[in-house]
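The values are calculated or read from the model by the stated rules, or taken from the named source; none is laboratory data. The model shown is predicted, which means the values in this text are computed figures rather than measured ones. FYI the Cβ positions are ideal-geometry reconstructions off the backbone, even for glycines, and counts take in every protein chain you see.
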Amino acid sequence: MSFAPAYVTCVLAENFDYAKQALFVPLMAIHRAHLVMLAECAIISAEQATSVREALEAIGDIDVRAATFDDDTEDLFTFVDRLISERGGATVAGHLHTARSRNDIDMTMYRMRLREFVLEIASEVQALRQALVDVAGRHRDTVFAAHTHTQPAQPTTLAHYLLGVLDHLEHDDRRLRAAYEATNRSPLGACAITGTGFPIDRGRTSALLGFDGPTGNTYGSIATVDYLLEAVGAVAILLVGIGRVIHDLLLWGTVEFGYLRLDDGLVQGSSIMPQKRNPVALEHARAIASRGLGQAHAVPLTVHNTPFGDIVDTEDDMQPLVAATFGDAVRVVRLLTAAFRGATFDVERMAARAARHGTTTTELADTLVRERGLDFKTARAIAGRYAVLQADGSAQRPSDCLAHASNEVLGAPIRVDDSEIERVLDARHFVTVRSRWGEPAPSETAAALDRARESLARDVAWRDGRNRALGAAASQLLERCASL
């Protein structure tokens, strides 16, 4: 068949170049698993199985990766099919293609590749979680002013902030795990879309390829793309969350904030200004995260309003986009992990600013409720007026400010010693009294870090278990195929 030059250059050649690098290994595994199943189910004879196995063994990685597209090749499948025919004869290739279609082969290849992507990004997320646990463990007592709506809000600790990021990453890990479970089902045996009349064993090929089991409905096995959307969606959410953290770190690293200093290996200088320490690694991470998010959004846009069936929109043209999405996500997470591992924080500067701009005023209101029996709205009004009086530059004593503020609101002054007011408004006191579940007190963040470590250990064990299971299945497949 002779394809139009435009079709070759714009579609076929480009897709072939990607497929031969990314999909050859899963394709050969599918060939071997299908061959083993055909032989075990007596759909082909032992002699035929041996011939097919020998032909497969004669195909080397170099044969494929060095190949260029030509008109005798429609895609990677047809190219390898041609190699099988050249090594063993057309009849041998024909035996291997019994009870299957390029449709179910493609869908199985894509899932095999996608589960690798999911496990890789999960590994990187877990490395980032470990880095955050380590940094948070060193900064349970590092107080600073948290911001809301870009304005100083209340004191917290660096550990508390990082535990909030860890919460998000734990959710990301759970989403990735769910995406893996949805992905790790084998469509092989669904054939074109209605299955086959041969007595195949889909459970056997599924196990040999490391899947948890076969997909269900054969139509849906070929037509569905929800597993892919779930995986890409998990990555999109991950990138959104990470992008927000990168924004904070870039702000903290400005001279005006001065909270964060990146490792020298993550900054670059200026060609003209010798004093500059440009945080370029984080800027690159921000840009790559945005690109990855755009690619993730392009996946559902590509398949939106397409027929529920076998279509190329979910196939060859989609796979490089999926790979790029996951590849960029891996790069971003690695950069952020490196940033945290090498970061130093100006603890003194953070602490010095923690109680500025009235950030502890809420605790004054809370104290008036607890110790003076006021309702919170009234106490808040007094504390708010106190903050105004303290900020107006008149340098009144704290006790006088509180007396004036309470007199304005209540019509009677509340008298409290200066030392007591200063204690109540101290940033560390503010943090220490917030010691319930999820709050910033060092006693609670210590417990939260223990929980974070336990959660991380469980997730790492799950990932390691999945990788071992895939490795064991691959070894079993090679052994069983070699015995044919």
Breaking point among (1) part of a loop (DSSP other than H, G, I, E, B); (2) out of contact with any strand residue (DSSP E or B) (no Cβ under 6 Å at 6 or more places or on another chain); (3) at pLDDT 95 or above, for GLN396
(3)
Residues being outside any helix (DSSP H, G or I) and surrounded by 14 or more Cβ atoms within 10 Å (Cβ to Cβ) - total across segment 399-432
5
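Answer with yes or no whether VAL235 is farther than 27 Å from VAL36 by Cβ and within 14 Å of the chain's Cα centre (by Cα).
Working: farther than 27 Å from VAL36 by Cβ: yes; within 14 Å of the chain's Cα centre (by Cα): yes.
Yes.
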In segment 95-148, which residues are of a type in the set (Ser, Thr, Tyr) and under 22 Å from ALA289 (Cβ atoms)?
SER123
Counted residues, segment 121-145 - those being polar (S, T, N, Q) and farther than 18 Å from HIS171 by Cβ
1
Some residue of segment 253-265 being more than 27 Å from TYR18 (Cβ to Cβ) and part of a helix (DSSP H, G or I)
yes
Quick one: which residue in ARG349, ARG372 is in contact with a Gly (Cβ under 6 Å, 6 or more places away or on another chain), farther than 30 Å from LEU239 by Cβ and basic (Lys, Arg)?
ARG349
In segment 296-322, which residue that is among the hydroxyl-bearing types (Ser, Thr, Tyr) and within 9 Å of VAL225 (Cβ to Cβ) is surrounded by the most Cβ atoms within 10 Å (Cβ to Cβ)?
THR314
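Considering VAL235, VAL303, which residue is of a type in the set (Val, Ile, Thr) and over 20 Å from THR337 (Cβ atoms)? Walk me through it before giving the result.
Values: VAL235 fails: over 20 Å from THR337 (Cβ atoms).
It is VAL303.
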Kindly evaluate VAL460 against the criterion of being surrounded by 14 or more Cβ atoms within 10 Å (Cβ to Cβ), closer than 30 Å to ARG140 by Cα, touching a helix residue (DSSP H, G or I) at 6+ places or on another chain (Cβ under 6 Å) and in contact (Cβ under 8 Å) with a residue 24 or more places away in the chain.
yes
